[in-house]
1. For a quick check of understanding: with a 1.4 angstrom probe and all protein chains in place, what accessible area in square angstrom does T59 have, to the nearest ten?
2. In nm, to one decimal, how far is the modelled label at A390 from the one at D19, with both set 7 Å along Cα→Cβ?
3. So how much slack lies between D236 and H302, counting 0.36 nm per residue of separation and subtracting their Cα-Cα distance, in nm?
4. FRET efficiency for S138 and K209, Cβ-Cβ distance as r, R0 = 25 Å, nearest 0.05?
5. Per the helix-only calculation at 222 nm, which mean residue ellipticity applies to the chain, given -39500 (n - 2.57) for every DSSP H run of n ≥ 4 and division by its residues, nearest 500 deg cm²/dmol?
6. Sum up the charges of everything whose Cβ sits under 14 Å from the Cβ of E128, counting Lys and Arg as +1 and Asp and Glu as -1, but leave E128 out.
7. With all protein chains present and a 1.4 Å probe, how do V66, V205 order by accessible area, largest first?
8. Taking the Cα centre of the chain as the origin, how large is its charge dipole in debye, to the nearest 20, when only Lys and Arg (+1) and Asp and Glu (-1) carry charge on their Cβ atoms?
Amino acid sequence: MIAVGIDISKAKSTVAVIDSDGTVLASPFTMAHTQPEMEAFVTYLKGLGEPTTILMEYTGHYHYPVLKKLQGEGFPVCIVNPYQMKKYGDVEIHKAKTDKKDALRIAAYALEKSYKLVPYSSMEQKYEDLKFLSRQYSQRIAYVAKLKVQLIALLDQTMPGITRILPLNSRNPEKCALLLFIRRFKSFDEIHRIGKARFLASYDVLAKKTSERSASSKGLSIYELAVDSIPTRGEDPYIWLSQNQCVDLLSTTQNAADEIISQMRNIAETIPEYKVLRAMRGVGDRLGLIILAEIGDIRRFHSGKALNSYAGNDAPPYQSGQFESRNRHISKRGSSALRKACYEVMQALKLTKPQDDPVYLFMLKKEQEGKPFNVAKMAGVNKFLRIYYARAMELYK
């Protein structure tokens, strides 16, 4: 058998080839991710004339060109977790880190662990699309949070305290009372200028355009706040420009996130286990899509325990001699996005308190046993994922 180790970098890779005796057949060489060099590499692999094990690490999206090319040529390619390779390299006394040494280390790992390596098989395209969109959604929401902080910092200079009366809710920016208010009234100094009667009349018209039921009753409170406040840059046209730009960016980004969620929903509705997931208590429309995207095809897990391990919600046993640990923390070596989404489900259960839900009752049981609240919630996540796995697998049986 011949082992091929590929150390992936951006736009190029380093390749090492060794045989079953550990002899280096080809000194580590660099291969650019271009058609000519990839074609030459494929020709070289076909000329070896022996069974070949090709191994590379997960490296974000940088390994996809090599993976796609090799799979398209019929080569089975195995993927290894970078953390496994890191621990494999820790056995060396004199540690050195270069691309060439990494390629040789990956090839040696492929040779040694070939009996348990499984060729990579891409999930169905819809699962891949869901995961890609989930990552894009997370980026948009992170930017929305950043824009909210920036906007509040600007409002502290032009309308101090306004967010205590009109909350900043970006879920529906076209109907958000605060965003409409900022566009209409640039600062508290503007409210001073137009006077109480004109402000209240204008605010009533604006309040009818919002989705908040109590918005119309807040006009007088806002005017009193404007009279009592001291804006530091209320007459500054430059900060007005920044405010308007921030509002526009916030609206655009939130709408982009909503569009991504809409596309994710269209894909998820064609997947059988999505209905099972949405039927579980605490799982809303957004959380259901994120959890489904992070898990992917449920059939690739052999048990509910494996699914928990994938989420990093497992507590591996620790025993040595006469000692056996009975208080282990979760590993957190898994999908942090999946773990976070499941934790939000537990928070939703704590708010709604469904008395007939087994996950909620399990959390209560753990709390009554004296477990800290967060520990009880992660225990609930464990049970939630096991139940989902069992119910979803029933669809395919």
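The values are calculated or read from the model by the stated rules, or taken from the named source; none is laboratory data. From a predicted model like this one, the values you see are computed outputs, not experimental measurements. Here the Cβ positions follow ideal geometry from the backbone for every residue, glycine too, while neighbour counts run over all protein chains shown. Only protein heavy atoms, including side chains, enter the accessible area calculation; ligands, DNA and RNA are left aside. Shrake-Rupley method; radii C 1.70, N 1.55, O 1.52, S 1.80 Å.
1. Per-residue accessible area (T59): approximately 30 Å².
2. The answer from the label model is 5.4 nm.
3. On the way: separation 66, 0.36 × 66 = 23.76 nm, distance 6.25 nm.
Difference between extended and current length: 17.5 nm.
4. Working: r = 31 Å, r/R0 = 1.23.
FRET efficiency, S138 to K209: 0.20.
5. -18000 deg cm²/dmol
6. Summing Lys and Arg as +1 and Asp and Glu as -1 gives +1.
7. Working: V66 0, V205 85 Å².
Correct descending sequence by accessible area is V205, V66.
8. For the chain, the charge dipole is close to 1140 debye.
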